[in-house]
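The values are calculated or read from the model by the stated rules, or taken from the named source; none is laboratory data. The model shown is predicted, which means the values in this text are computed figures rather than measured ones. Reconstructed Cβ throughout: ideal geometry from the backbone, glycine too, with neighbour counts over all protein chains shown.
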Amino acid sequence: MPSRLSLFSRARRASGTVRRSTLPAAVSAGVLGLAAVFGLAGCSSTSSVENADVPKWRATALPEAPGVVLQDSGKILNRDRTVQQAATVPAGRYTLTLVCDGSGKAFFDVTLDGKAVAEAGAACNGSRETTRISLPTAGRVEISGASVDAPLVYAYQLAPAQ
């Protein structure tokens, strides 16, 4: 006894309605296209940070302020800590302005002669963050930065409070 499927197939062939299904090819093309888009999206932030022109980015992201006593900018590509210091910074009130681009957050520690003075953070979305800092005495100021969300580009400046 012939199966219903083979009877159905013979009837379709006899009527001339046999077509190949294009659905699997369309689905495959769509899946491959989405995979390519998501694959490139995952790589784009790393690539753009690694290829970033830091001085050009900094000029627009954090313009020079008057009286800057300590500043730095660069890339954090692999979670390494960055350190910058100024030998003698007068006592007084200061503003630490930070900006970063990439993903996640960057964190900065400020010390005066090796003693913690402040901690600051910036969301890496291009917006500026400010932290008020008071230095009770003159001394060596060190600012170190790091991020677990590398890669990113960062810039900061420490200037007298206005």
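Give the residues of segment 72-112 that are under 17 Å from LEU152 (Cα atoms), of a type outside the set (Asp, Glu) and touching a residue at least 60 places away in the same chain (Cβ under 8 Å), sorted by residue number. Before you say what the answer is, go through the steps one by one.
Taking segment 72-112 first, the residues under 17 Å from LEU152 (Cα atoms) are 72-83, 97-108.
Subset that is of a type outside the set (Asp, Glu): 73-79, 81-83, 97-100, 102-108.
Residues satisfying the conditions are SER73, GLY74, LYS75, ILE76, LEU77, ASN78, ARG79, ARG81, THR82, VAL83, THR97.
Please tell me if PRO55 is modelled with pLDDT of 95 or more, not charged (D, E, K, R) and not in a strand (DSSP E or B). Walk me through it before giving the result.
Numbers: modelled with pLDDT of 95 or more: yes; not charged (D, E, K, R): yes; not in a strand (DSSP E or B): yes.
Criteria met by PRO55.
Applying the selection to segment 131-162, what residues are within 21 Å of PRO63 (Cα to Cα) and within 19 Å of the chain's Cα centre (by Cα)?
SER144, GLY145, LEU152, VAL153, TYR154, ALA155, TYR156
Failed condition for SER147, given (1) surrounded by fewer than 16 Cβ atoms within 10 Å (Cβ to Cβ); (2) touching a Gly at 6+ places or on another chain (Cβ under 9 Å), with all others met?
Unmet condition: (1).
Restricting attention to segment 114-153, which residues are modelled with pLDDT of 95 or more and among the charged types (D, E, K, R)?
Across segment 114-153, the qualifying residues are LYS115, GLU119, ARG128, GLU129, ARG132, ARG140, GLU142.
What is the residue count in segment 117-162 for residues that are outside any loop (DSSP other than H, G, I, E, B), over 13 Å from VAL69 (Cα atoms) and among the acidic types (Asp, Glu)?
2
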